[in-house]
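The values are calculated or read from the model by the stated rules, or taken from the named source; none is laboratory data. No experiment lies behind these values; they were computed from the predicted model shown. Glycine gets a Cβ as well: all are built from the backbone with ideal geometry, and neighbour counts include every protein chain shown.
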Amino acid sequence: MTAAPNSSLRERKKRRTRQALIDTALELFTERGFGGVTLDELCEEVEVSKRTFFRTFTSKEDVAMAPDQDLWRAFLEELETVDPAGFPVVELGRDALLAALARMDDEGWAHRMLLSRRLAERTPSMGAHGLQFCEATTQEALAILHRRFGLGAPGDLRPRLAVDMLVAAFHGALASWVARVDEAAAGGVSGIEPPTIDDLADRLREAVAALPGGLALTVTPR
């Protein structure tokens, strides 16, 4: 009868340690640059061993990109249960991603996501790590679509293209979300509210809605 409370206590401690590593890493990387902070320094700051670090993360890139990765892991969980309701795959994915965003209810997630994206823009190794994670997530999403709905017969590129378009729409929404704060800071605008999860969700909806127009966009000789 005492095992469950002890287990719960251990899980809470693990979550607190994980969060402390993410928060401290993003703070130090932002202040000193990604390459200016060693793993030993990060662990010393949080007062954990490297063994503890590697129980949770695989690398500095992994901890720096945790806000983004947490969102997409939640997306995969939502995709397992989202109601298809006859929607196109891109809209199905949009709803799963919006539900995942709603789960990022920690008030600090938006700020951590902002710091992570700024770091990724100037850290090539984070970009490479992000590409690997994105491909792995895409493959998992395709496996779910195949298992739940029978999509993805050999030679059928449509599910892959649909997932790729959803990812592209999110990246576009995320870029404009980050740019809003950066532009305000560069222009010395005061009183601008920091980006919120609701802001990002709205931009995602707009980006997905713009996909048909983007595919139909044509050019004419000038």
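Overview of results
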| item | result |
| --- | --- |
| Any hit, region 185-203, residues being modelled with pLDDT under 95, assigned to a helix (DSSP H, G or I) and in contact with a Lys or Arg (Cβ under 7 Å, 6 or more places away or on another chain) | no |
| Residue that is among the charged types (D, E, K, R), farther than 25 Å from GLN139 by Cβ and at pLDDT 95 or above, where the choices are ARG32, ARG94, ARG12, ARG16 | ARG32 |
| Residue among VAL89, VAL63 that alone is more than 22 Å from ARG160 (Cα to Cα), buried (at least 19 other Cβ atoms within 10 Å of the Cβ), at pLDDT 95 or above and of a type in the set (Val, Ile, Thr) | VAL63 |
| Any hit, region 35-44, residues being buried (at least 17 other Cβ atoms within 10 Å of the Cβ), β-branched (Val, Ile, Thr), in contact (Cβ under 8 Å) with a residue 12 or more places away in the chain and closer than 19 Å to THR137 by Cβ | no |
| Meets criteria (under 27 Å from ILE197 (Cα atoms), assigned by TED's automatic domain parsing to the domain that holds LEU142 and of a type in the set (S, T, N, Q)) for THR81 | yes |
| Enumerated helices (runs of 4 or more DSSP H) restricted to region 35-106, each holding at least 2 residues that are under 19 Å from the mean Cα position of the chain (by Cα) | 60-64, 66-79, 89-103 |
| For MET104: the one exception among (1) crowded, with 16+ Cβ neighbours inside 10 Å; (2) of a type outside the set (Gly, Ala, Ser); (3) modelled with pLDDT of 95 or more | (3) |
